[in-house]
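**Q** Below is the structure I would like to discuss, written out as structure tokens.
The values are calculated or read from the model by the stated rules, or taken from the named source; none is laboratory data. Please read these numbers as outputs of a predicted model, since none were measured by experiment. Methodologically, a virtual Cβ is constructed for each residue, glycine included, from the backbone with ideal geometry; neighbour enumeration extends over all protein chains shown.
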Amino acid sequence: MWTEARLNEISEQIIGAAIEVHRRVGPDCLESVYSPCFALELTRRKLDFRREVALPLEYDELLIPRAYLADYVIEGVVAELKAASRLTPEHWRQVHTYLKVSGFPLGLLLNFGASSIAGGMKRIVNNFPQGTEPMHASAILIG
């Protein structure tokens with residue numbers, strides 16, 4: 001499915017897109033400003049991505065179809081954007097949860113609010129490079 005080399009290549013492209021946006025826009029805006037600029041940079045790099053991806057959660061026979069909403073899924077990599085003064089363990093847990101629920105092997109936490117984007121990035125893995133089975137196997141769809 002995924003290879004370490006391909007995931008690292010995608011990751012480098014995503015980080016390059018984030019660096020370009022941060023370089024041009026700076027650290028003092030809202031996430032709602034960074035997101036469309038980031039999408040444009042991903043498009044320029046010819047990366048296949050989806051924005052605001054609903055991630056379901058299964059609880060016994062109950063399926064919550066939109067339990068979580070990931071900012072981006074880019075060719076098997078989850079990217080979560082922040083515009084905070086600093087990243088917290090809660091931000092890391094959020095991405096880790098997205099990886100467990102989706103089964104994707106790699107997540108990037110990108111904090112555009114940091115004075116340097118390099119200091120505002122966190123790479124989070126989930127059984128890298130294979131990923132895991134998504135937590136939502138089969139259930140009754142409600143809602």
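**Q** Take the stretch 10-36 and flag every residue that is among the hydrophobic types (A, V, I, L, M, F, W, C) and either closer than 14 Å to V77 by Cα or in a helix (DSSP H, G or I) (or both).
**A** I10, I14, I15, A17, A18, I19, V21, V25, V33
**Q** Related question: Regarding T43, is this residue over 14 Å from N111 (Cβ atoms), among the β-branched types (V, I, T) and in contact (Cβ under 8 Å) with a residue 40 or more places away in the chain?
**A** Answer is no for this residue.
**Q** Considering only residues that are aliphatic (A, V, I, L, M) and either farther than 17 Å from L106 by Cα or buried (at least 16 other Cβ atoms within 10 Å of the Cβ) (or both), which ones fall in the stretch 1-16?
**A** Within the stretch 1-16, L7, I10, I14, I15 meet the criteria.
**Q** Mind listing just one residue for me: the one in the stretch 37-84 that is part of a strand (DSSP E or B) and of a type in the set (F, W, Y) and, of those, surrounded by the fewest Cβ atoms within 10 Å (Cβ to Cβ)?
**A** Among those residues, the one meeting the criterion is Y59.
**Q** If you don't mind, another one. Within the stretch 58-73, can one find any residue that is β-branched (V, I, T) and modelled with pLDDT of 95 or more?
**A** Yes, the stretch 58-73 has at least one match.
**Q** Would you mind telling me which numbered condition in (1) over 18 Å from the mean Cα position of the chain (by Cα); (2) without any contact (Cβ under 8 Å) to a residue 24 or more places away in the chain M1 fails?
**A** (2)
**Q** All but one of (1) surrounded by 12 or more Cβ atoms within 10 Å (Cβ to Cβ); (2) more than 17 Å from S116 (Cα to Cα) hold for I19; state the number of the condition that does not hold.
**A** (2)
**Q** Taking the residues in the stretch 85-109 that are charged (D, E, K, R) and assigned to a helix (DSSP H, G or I) as candidates, determine which candidate is farthest from Y68 (Cα to Cα).
**A** Among those residues, the one meeting the criterion is E90.
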